[in-house]
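Report on the structure given below.
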Amino acid sequence: MRRAAALVALLAAAGASAHWPSADDVLAEIGGPEGRAAGVVEVRRDAAVARVLLVRVGSRWHALSAGRRLELADAWREHWRRAVPGGEVGVLDAATGRPAVNYDGRGRARLAPPAPPPGTAATPP
């Protein structure tokens with residue numbers, strides 16, 4: 001009887017520590033005070049493809065060190081994929097709509113190059 005009670009207690013403890021965040025938990029985390037302080041302007045699920053998380057970032061994001069931005073982008077992807085199997089994250093510049101981060105084939109964040117100046121050959125006038 002003691003063994004059964006110990007096993008039930010062990011399983012209950014394991015279940016409590018194995019909490020997986022929901023998609024709403026991740027949205028609240030990224031869009032919360034810490035995310036806003038890091039430059040998150042908006043965070044939402046894509047309307048057309050629910051497994052895609054869109055994070056729009058502003059000037060505070062660009063003021064962070066490159067290492068910190070990569071750290072945040074990696075954490076956002078990791079948390080989103082825990083909550084949404086096969087989930088993908090898009091980190092976009094809120095001012096331009098261009099990617100601020102690209103993820104490589106292994107899922108690691110890479111900072112996207114800055115947008116070329118308006119009116120240059122790389123952008124339409």
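What net charge is computed for the residues neighbouring residue 77, neighbours being all others with C-beta under 14 Å from the C-beta of residue 77, Lys and Arg scored +1, Asp and Glu -1?
Spelling it out: positives minus negatives among the neighbours equals +1.
Along the Cα-to-C-beta direction of residue 82, a point sits 7 Å from the Cα; which residues of the stretch 20-38 have their amide N less than 11 Å from that point? Hits in the stretch 20-38 for residue 82 at 11 Å: 20-22, 26.
Three semi-axes describe the equivalent ellipsoid of the stretch 37-81; taken as square roots of 5 times the Cα gyration tensor eigenvalues and ordered largest first, they are 21, 13, 6 Å. Within the shell of other residues whose beta carbon sits under 13 angstrom from the beta carbon of residue 62, the net charge comes to +4, with Lys and Arg scored +1 and Asp and Glu -1.
Local charge for residue 27 was computed over the other residues whose Cβ lies under 10 Å away, with Lys and Arg +1 and Asp and Glu -1, and equals -1.
Peptides 68-75, 106-113, ordered by how many other C-beta atoms sit within 10 Å of their residues on average, highest first, read 68-75, 106-113. Taking each residue as 0.36 nm, the span from residue 65 to residue 98 lengthens on full extension beyond its C-alpha to C-alpha distance by 10.0 nm. Put simply, when 94-100, 45-51 are sorted by average Cβ atoms within 10 angstrom per residue, most first, you get 94-100, 45-51.
FYI, it's all coordinate maths here, none of it is from the lab. Just so it is clear, the structure is predicted and the values come from calculations on it, not from any experiment. Backbone-built Cβ (ideal geometry, glycine too); neighbour counts: all protein chains shown.
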